[in-house]
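The values are calculated or read from the model by the stated rules, or taken from the named source; none is laboratory data. Being a predicted model, the structure only gives us computed values, none of them experimental. Methodologically, a virtual Cβ is constructed for each residue, glycine included, from the backbone with ideal geometry; neighbour enumeration extends over all protein chains shown.
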Amino acid sequence: MMIREEMEIIFHERIAEDTYRMTLQGDLPAEIRQPGQFVHILIDQSDSLRRPISIADADTAKQTLTILYKILGRGTAALSKKQSGDHLDVLGPGGNGFPIDSITAERALLVGGGIGVPPLYYLAKQLKEKGIEVTTVLGFQHEASVFFEEEFRELGEVFVTTNDGSYGNKGFVTEILPALEGRFDTYFSCGPAVMLKAVSEKLDGYEGYLSIEERLGCGVGACFACVVQAPEGDSKGYRKICHDGPVFRTGEVIL
Amino acid sequence: MMIREEMEIIFHERIAEDTYRMTLQGDLPAEIRQPGQFVHILIDQSDSLRRPISIADADTAKQTLTILYKILGRGTAALSKKQSGDHLDVLGPGGNGFPIDSITAERALLVGGGIGVPPLYYLAKQLKEKGIEVTTVLGFQHEASVFFEEEFRELGEVFVTTNDGSYGNKGFVTEILPALEGRFDTYFSCGPAVMLKAVSEKLDGYEGYLSIEERLGCGVGACFACVVQAPEGDSKGYRKICHDGPVFRTGEVIL
Amino acid sequence: MTRLRLSMPGLDLKNPIMPASGCFGFGKEFSEFYDLSELGAVIIKAATGETRYGNPTPRVAETSAGMLNAIGLQNPGVDRIISEELPYLSEYNAPVIANVAGSTVEEYVEVAEKISRDHTINALELNISCPNVKEGGVQFGTDAALAAEVTRQVKQASEVPVYVKLSPNVTDIVGMAKAVEKAGADGLSMINTLAGMRLDLHRRKPIIANQTGGLSGPAIKPIAIRMIYQVYQEVDIPIIGMGGIETVEDIIEFLLAGASAVAVGSANFKNPFICKELIDQLPEAMERYGFDQVEEMIGGAHR
Amino acid sequence: MTRLRLSMPGLDLKNPIMPASGCFGFGKEFSEFYDLSELGAVIIKAATGETRYGNPTPRVAETSAGMLNAIGLQNPGVDRIISEELPYLSEYNAPVIANVAGSTVEEYVEVAEKISRDHTINALELNISCPNVKEGGVQFGTDAALAAEVTRQVKQASEVPVYVKLSPNVTDIVGMAKAVEKAGADGLSMINTLAGMRLDLHRRKPIIANQTGGLSGPAIKPIAIRMIYQVYQEVDIPIIGMGGIETVEDIIEFLLAGASAVAVGSANFKNPFICKELIDQLPEAMERYGFDQVEEMIGGAHR
Ligand SMILES: Cc1cc2nc3c(=O)[nH]c(=O)nc-3n(C[C@H](O)[C@H](O)[C@H](O)COP(=O)(O)OP(=O)(O)OC[C@H]3O[C@@H](n4cnc5c(N)ncnc54)[C@H](O)[C@@H]3O)c2cc1C
Ligand SMILES: Cc1cc2nc3c(=O)[nH]c(=O)nc-3n(C[C@H](O)[C@H](O)[C@H](O)COP(=O)(O)OP(=O)(O)OC[C@H]3O[C@@H](n4cnc5c(N)ncnc54)[C@H](O)[C@@H]3O)c2cc1C
Ligand SMILES: Cc1cc2nc3c(=O)[nH]c(=O)nc-3n(C[C@H](O)[C@H](O)[C@H](O)COP(=O)(O)O)c2cc1C
Ligand SMILES: Cc1cc2nc3c(=O)[nH]c(=O)nc-3n(C[C@H](O)[C@H](O)[C@H](O)COP(=O)(O)O)c2cc1C
Ligand code: FES
Ligand code: FES
């Protein structure tokens, strides 16, 4: 169930260029059903819209969840100014994440781009727990923006690419994929729209799950701000990213 | 000269019902020319208008000034939430106060009503310093709203009235005035418009100075938000409270 | 809680607070947050004759004390709203107001005819003011003669009272209000959003894919209050007020200006519990400002 | 700093930033905060034919991300402005734009004639859009034919270029803009304030003594951007943009939408140093968004 609460910030740290890790404590983590769900944060009471941020990790025993975010505009810049001990107005967990309970894969490939990496971490942990082998490809702009490589490495093999080659392999994540053919049966991806499109084309034929982003309004499925088109013939014709997604099986929506 | 600076709150305390005392530190106190001037405070950066608050006391050596304010609405409510160590965006000192340098009185009467009392305190201190005898009449709603009686008593004789008689004399400040006839040659008053009007009528014939309030815009004399009419025949026809005032000699403006 | 009760054409309200059209879907999502029966009424998302997919995304953007939206009247069409959405709402004990939109008078009439016959619906809100679709009725909302014409025809077709939702994007709001009153409107609903735009400085293009969007939120409240205040003096039909409501003080301000009831829109996005919280807080706030009954507040600033 | 330079009819601007009319008086007060010669230009407070006292107080009220004002065109009258205010301004090295108001075409013409002949004045801003005085020209700002008529006559009477300041309180801003362009306007200035109201819940009356006031500040920025964007596509005369500017990003947004220069109004009340600070910050912000010259930004969202 989604709840709204003032969660306490118990940890907040810069982990890469413009990129922060924050841990929040409260009752909300107990409501998380799947990796890939998000929290919808009202950063300042005078804001008009909340900001959706993926749950990157959670610890129900400690009643905590972790988010990783990048400063992109006014909201995330204000978020980065918050301090441990401050409280945040959080609504969540929202949406449908990766269907972890029904995944039957033996070997999973995770492909994350930039600030699309966070939800894959919580997913990777749960896949590993289920005994599924995890290989991860992480794409970043350049060396300074790389984060969570080590964390993923503890869970499986990791490949890192940077656009300018300043770290890991030079180029886009898609350039690594051919080399991984045959080493996975299901893939999971999150990142910018162009990347998702390229990845799903490259990995056509595999079972795949994509986490999609769009500017949200309500975040609860009521306002139709976040729709994405479904393929011709679909009876509804669209999906709501905040409610039906953000995770969709490949082919369920048009990228 | 008016300056704008982030002043540090070094003291903040509730002193009566909904009434607070706050001490601010910075370069601004050095610019104060007269008692009766005010500071123009931007309480939150998202506010559209500053709030004018009189300078109730100042200590140039310690670089501090004191304000006394009452919660009347959104702005003053937000101000009351600020804590020592926080900074406030202050513009000031604004306006023309009591012409302390040219006052030639021997015995002064101060008449303050409610949150009009603050500027009279800084005035009283300076009158006393000049060797002028000070008698003060303070009017409040009821016992819980009384403040600064002791502070004024250190400077001269004090009479307190409350509307409901729960403390001091019952009634309005004007009821005390007849008893004080002959004990002063100049008076100074600050308070609600109705009180100023009544006081100036009762004390007709005396040299008097009134500090007037109105909703301000710019606070620097540029927007014409705060005008008050001058008597017929005045060449300009009006005065700006923020710039020509807030203190006017009786008769200079129409109450 | 009889203090909060009031009656308007077709509507017996247990309190004057309802969610605004388009900000509450068809209620289902919010029923997970609280019991919809607590609401004064529910105004549902616009219904058109056929399924509409709406505008491309992004459809929303934040602005200072407000937001822009250009959803573009996305909805499953009147038939599916009746068969798939209304049954759920009918389980709750709150009057339902159907927001009716269209591109032609015929479409308005068709939707009004069909949906007003559903027993769940207590009143229509005639949306002649959506600024976000070229074929969305905005022409009806900015031309008094057209507004009167569509009102007249919908009124004839409808089985339930008709509230006409006015656009603020006009020179003469009073003229619009009088025109639709004369054409038979049972009430008014005001205001819809103001046409606005925000640019993305990096892309050097409007953020909203539709370019312009409708501005809502506290930013527009002074405009809503002004328009309601002016219209209240000139018409004899009740007004459902909206535009930037976030607090009980805002609600009292709308009622004093002349609204009989209020709708809360964008604030549902900040806080999905807002309508319920405002309903709970209203009695205490009324007391604070010296009111015993909701009805005492209506038009109070005109006395 | 040639990067910031630009030319408009009658105006050689060293940067595109100026204070808006009514928010800067006649400059004197602000000259204590910084050297007025740093400004792109100065737009002075409205001048009318005779001294006007304006509306009763209170004249201002805060709103969410904005403020209401109803000053009511208080000013000493055109003759005293020329004799008492302009000499001071002429000491600075910044073009001066005189805001001209009136109740009748004759009054506009009289003021324009007199003030445009003062050597201090580089251009007129024809204020047909003040929402705060019954006899303040608002009728000229909401009727395209009247707007064209007053523009035509003022244009004839004026020795300097005329910028017409448009009211946003209209159904069709593009129609207004085209009408005054056709009537000879050299440029446009937009937007003036939106008519709004706030009630005092305790007194149950409007806070502003005049009842309604003009809404300004960041709240109205999306409306200003939308109107400038739409008008830019339809006219060939330059636009001075205004409405809610507080940051250099706001300025870039106005220029991209189609303004050639911008005016900063209410923000001067929050921060009397704002114009100077924005001028200082603009070059760095332009770099951040990839612009070398101010002129590259103008209308950038339309390419
Ligand atoms: C389901 C979901 C999960 C997300 N998870 C994360 C996460 O874990 N970490 C993280 O850093 N970000 C995440 N995002 C993106 C995040 O919501 C945006 O970056 C944030 O809202 C931007 O707010 P802002 O005020 O800083 O930027 P704004 O000033 O609003 O916009 C600045 C720029 O950010 C981009 N942007 C704005 N909104 C979005 C959006 N909804 N999605 C993508 N880009 C956007 C645009 O390019 C825009 O130009 C997620 C988005 C969604 C929809
Ligand atoms: C020159 C000057 C000096 C002042 N000195 C002091 C002082 O020393 N201590 C103090 O507590 N207050 C002082 N005031 C009044 C103070 O500025 C207002 O109380 C304050 O701005 C209210 O802000 P708010 O947001 O809390 O109230 P708002 O929500 O703006 O208004 C709440 C109520 O406060 C009253 N109010 C609003 N503005 C003013 C105003 N300018 N003057 C009087 N009443 C107003 C109105 O009755 C209004 O209904 C002074 C005002 C002026 C003009
Ligand atoms: C996302 C969104 C969608 C809306 N959809 C509709 C709609 O379908 N029909 C309608 O009449 N008004 C619609 N509106 C306008 C609202 O009902 C309301 O009139 C407006 O938002 C002002 O109220 P607010 O400031 O409380 O949001 C919509 C508003 C928003 C923000
Ligand atoms: C207090 C005040 C007084 C104003 N006086 C005038 C005026 O005399 N003439 C005029 O054309 N506009 C006047 N305006 C409108 C401004 O010039 C400007 O168009 C409007 O405020 C929008 O800009 P802003 O949001 O930056 O304030 C006034 C605005 C304010 C706030
Ligand atoms: S954000 Fe409102 S429906 Fe998805
Ligand atoms: S407040 Fe602007 S002139 Fe006094």
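Some points to look at:
- Close pairs from the range B:96-121: first touching a residue at least 60 places away in the same chain (Cβ under 8 Å), partner acidic (D, E) and assigned to a strand (DSSP E or B), Cβ under 8 Å, at least 6 apart: B:A105/B:E207; B:E106/B:E133; B:R107/B:E133; B:A108/B:E133; B:Y121/B:D57
- B:V134 passes every criterion in (1) crowded, with 20+ Cβ neighbours inside 10 Å; (2) over 19 Å from B:L210 (Cα atoms); (3) of a type in the set (A, V, I, L, M, F, W, C) apart from (2).
- Test: A:G245 is modelled with pLDDT under 95, more than 6 Å from ligand 5 (Cβ to nearest atom) and under 19 Å from the mean Cα position of the chain (by Cα): yes
- Matching residues, the range C:75-97, being closer than 23 Å to A:C226 by Cα and among the small types (G, A, S): C:G77
- Tally of residues being under 23 Å from B:L216 (Cβ atoms) and either more than 16 Å from ligand 2 (Cβ to nearest atom) or outside any loop (DSSP other than H, G, I, E, B) (or both) across the range D:13-65: 31
Rundown of residues vs (1) modelled with pLDDT under 95; (2) hydroxyl-bearing (S, T, Y); (3) surrounded by fewer than 19 Cβ atoms within 10 Å (Cβ to Cβ); (4) in contact with a Leu (Cβ under 7 Å, 6 or more places away or on another chain), yes/no style:
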residue: D:P95; (1), (2), (3), (4): no, no, no, yes
residue: D:A98; (1), (2), (3), (4): no, no, no, yes
residue: D:G102; (1), (2), (3), (4): yes, no, no, no
residue: D:V105; (1), (2), (3), (4): yes, no, yes, no
residue: D:A112; (1), (2), (3), (4): no, no, no, yes
residue: D:A123; (1), (2), (3), (4): no, no, no, yes
residue: D:L126; (1), (2), (3), (4): no, no, no, no
residue: D:S129; (1), (2), (3), (4): yes, yes, no, yes
residue: D:V133; (1), (2), (3), (4): yes, no, no, yes
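- Here B:P178 clears all of (1) within 20 Å of the chain's Cα centre (by Cα); (2) assigned to a helix (DSSP H, G or I) except the condition numbered (1).
- Against the list (1) within 14 Å of ligand 1 (Cβ to nearest atom); (2) more than 14 Å from chain C (Cβ to nearest Cβ); (3) hydroxyl-bearing (S, T, Y), the condition A:S46 fails is (2).
- Taking the range D:253-282 as the range and being at the interface with another protein chain (Cβ under 10 Å from one of its Cβ atoms) and of a type in the set (K, R) as the test, only D:K270 passes.
- Within the set C:G40, C:G66, C:G22, C:G49, the sole residue that is out of contact with any Cys (no Cβ under 6 Å at 6 or more places or on another chain) and surrounded by fewer than 24 Cβ atoms within 10 Å (Cβ to Cβ) turns out to be C:G49.
- Any hit, the range D:85-92, residues being crowded, with 23+ Cβ neighbours inside 10 Å and of a type in the set (F, W, Y): no
- Count of the range D:283-303 residues which are away from chain C (no Cβ under 13 Å) and either acidic (D, E) or within 21 Å of C:R198 (Cα to Cα) (or both): 4
- Filtered residues of the range D:69-84 (kept if in a loop (DSSP other than H, G, I, E, B), crowded, with 20+ Cβ neighbours inside 10 Å and more than 12 Å from chain C (Cβ to nearest Cβ)): D:I71, D:G72, D:L73, D:Q74, D:P76
- Number of residues in the range B:230-255 that are at the interface with another protein chain (Cβ under 7 Å from one of its Cβ atoms) and more than 16 Å from ligand 4 (Cβ to nearest atom) equals 1.
- Each residue in the range A:192-227 was checked for being among the β-branched types (V, I, T), buried (at least 21 other Cβ atoms within 10 Å of the Cβ) and not in a loop (DSSP other than H, G, I, E, B), and 2 of them qualify.
- Looking only at the range D:268-302, and only at residues there that are within 20 Å of D:R226 (Cβ to Cβ) and among the hydrophobic types (A, V, I, L, M, F, W, C), the one that is surrounded by the most Cβ atoms within 10 Å (Cβ to Cβ): D:M297
- Across the range B:46-70, the number of residues qualifying as part of a loop (DSSP other than H, G, I, E, B) and surrounded by fewer than 18 Cβ atoms within 10 Å (Cβ to Cβ) comes to 5.
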